[in-house]
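Peer 1: Here it is, the structure in full.
What follows draws every value from the coordinates through simple rules; no lab data is involved. Computed from a predicted structure; not experimentally measured. Cβ sites come from the backbone with ideal geometry, for glycine too, and all protein chains shown count toward neighbours.
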Amino acid sequence: MLWKNYVLSSSRITRRLHKSPRKSSFSKNFFITGCLLTVGAVSSYLTYRYTSERENKHELSPSYFVKYKISHKRDIDSSHFLLEVTPLFKQKVNIWSLMTAENLWSVEIKQPEVMVVRNYTPLPLKFNPASKEIEILKDGDNADGKLSFYIKKYENGEVARWLHHLPKGHIIEIRGPFIDYEFPHLPNELKRSRDCLYMDNRNERGNNVRENSQFIYQPYDIMMFTAGTGIVTALQLLLTESPFRGTIKLFHTDKNIKQLGPLYPILLRLQASNRVQLKIFETDRQTKQDVLKSIQKSITKPYPYKGLLPFSNVSNKNVMPVLALVCGPESYINSISGRKYDLNQGPVGGLLSKEGWNSDNVYKLS
Ligand SMILES: Cc1cc2nc3c(=O)[nH]c(=O)nc-3n(C[C@H](O)[C@H](O)[C@H](O)COP(=O)(O)OP(=O)(O)OC[C@H]3O[C@@H](n4cnc5c(N)ncnc54)[C@H](O)[C@@H]3O)c2cc1C
């Protein structure tokens, strides 16, 4: 009971429900079509939960904690690290096939000594002990349920610091998934291939194999504004099984790009594969004011979301964003999109409002 009360009363814990209320205003069309068409996704998710409950509570679930052991930890610098955890029991459900890019999701990791949980955003990556490389999971592979995280530890931070000190083999407890943002469900939509993301899938000249994407619905584009570890939200959408189908125009701000470690080459690969249009800003090289000025110059006006249209073509030349997602520290969110009040979105302000974006098409992630 104490545990529950503490968790519920902590203002630092921003996502309580396993399924956030659907964002209500990403244009009327988006909302209505989304509501009607999520039925399939939700029912399959409930089936998954029901099944998992029967599996002796070994399958990842939002309603109880499951044990994982730390299987790999790699420091990138003094405050950033990659963490891979492996469930004690192989996961039967492939969470990546289940979630796809229709859901942005996180899990909660429990710190048992101080009785708190924190959210972390898994990435579909695994460590290959033979090559010592980080690999992107392939379609159908859930690596038996391994989860990988990119984490920053803060000097006074409770959980990230604790996680960083834990030795390999240590057992931690995780629950989830918790859905942080839900895109409209596209019934019977075809998967987007990830073949172009694997290093071995290039032609002899080292060029990408040209992607020949055919979908049922016309993809739409989005803009994402991330700072620091906020990059994980974009990476999850871009790397998950059946990744985001439109183009993501990604503005990422970091102190120094080296802080991304092996995630940076992955981002470059995504860019070379026309999945993302990358705009990187380093505060080691530019003042924050100059970064904001540069970002402002590149923000396009919002395009209307037109609902589920039949597929016509994939064009990544002219990005026409219908939604802007913002994820980073409080001051960054303030500058880009106006203040977020804990669980409330707050009015849209900052650079985005100057370019005509509003609460119909902006969502601030934590
Ligand atoms: C949905 C969601 C997904 C998340 N995914 C990730 C992820 O994948 N990787 C990741 O590293 N984090 C992620 N976070 C943030 C994470 O949940 C914790 O808030 C973070 O690790 C700090 O927790 P802590 O216990 O270490 O620090 P706390 O004890 O909460 O904080 C102590 C001090 O650290 C500093 N601090 C904490 N957070 C920040 C911040 N964001 N910016 C600046 N200073 C800060 C402040 O000085 C604060 O007073 C996510 C959060 C949410 C809500």
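Peer 1: Modelled label-to-label distance, Thr287 and Ser315, 7 Å Cα→beta-carbon offset: nm?
Peer 2: Calculated label separation equals 4.0 nm.
Peer 1: If the reach is capped at under 17 angstrom between alpha carbons, list the lysines near Lys306, excluding any in the same chain fewer than eight residues apart.
Peer 2: Lys23, Lys28
Peer 1: Summarise the long-distance tail of P(r) for segment 59-182 by giving the % of C-alpha pairs beyond 21 Å. Each step should come with its number before you reach the end.
Peer 2: On the way: 2697 of 7626 pairs.
Above the 21 Å cut-off, segment 59-182 has 35 percent of its Cα pairs.
Peer 1: Under a Cβ-Cβ cut-off of 13 Å, what is the net charge of the residues other than Ile76 that fall near it, where Lys and Arg count +1 and Asp and Glu count -1?
Peer 2: Working: positive: Lys73, Arg74, Lys152, Lys153, Lys255, Lys258; negative: Asp75, Asp77, Asp254.
Counting the neighbours of Ile76, the net charge comes to +3.
Peer 1: I would also like to ask the following. Give me the extension gain from Ser298 to Asp139: residue separation times 0.36 nm, minus the current Cα-Cα distance, reported in nm with one decimal.
Peer 2: Details: separation 159, 0.36 × 159 = 57.24 nm, distance 3.41 nm.
Full-extension gain reported as 53.8 nm.
Peer 1: Just round it to a whole percent: the fraction of Cα-Cα distances in segment 203-331 exceeding 24 Å.
Peer 2: Details: 2604 of 8256 pairs.
When every Cα pair of segment 203-331 is considered, 32 percent fall beyond 24 Å.
Peer 1: Tell me which trypsin sites (Lys or Arg not before Pro) from segment 312-343 have a DSSP coil assignment and no more than 10 other beta carbons within 10 Å of their own.
Peer 2: Values: sites: Lys317, Arg339, Lys340; in loops: Lys317, Arg339, Lys340.
Passing sites in segment 312-343 are Lys317.
Peer 1: What's the ranking of 73-83, 95-105 by average number of surrounding C-beta atoms within 10 Å, highest first? Before the final figure, lay out each step's value.
Peer 2: Details: 73-83: 16.8, 95-105: 21.4.
The densest-packed peptide leads the list: 95-105, 73-83.
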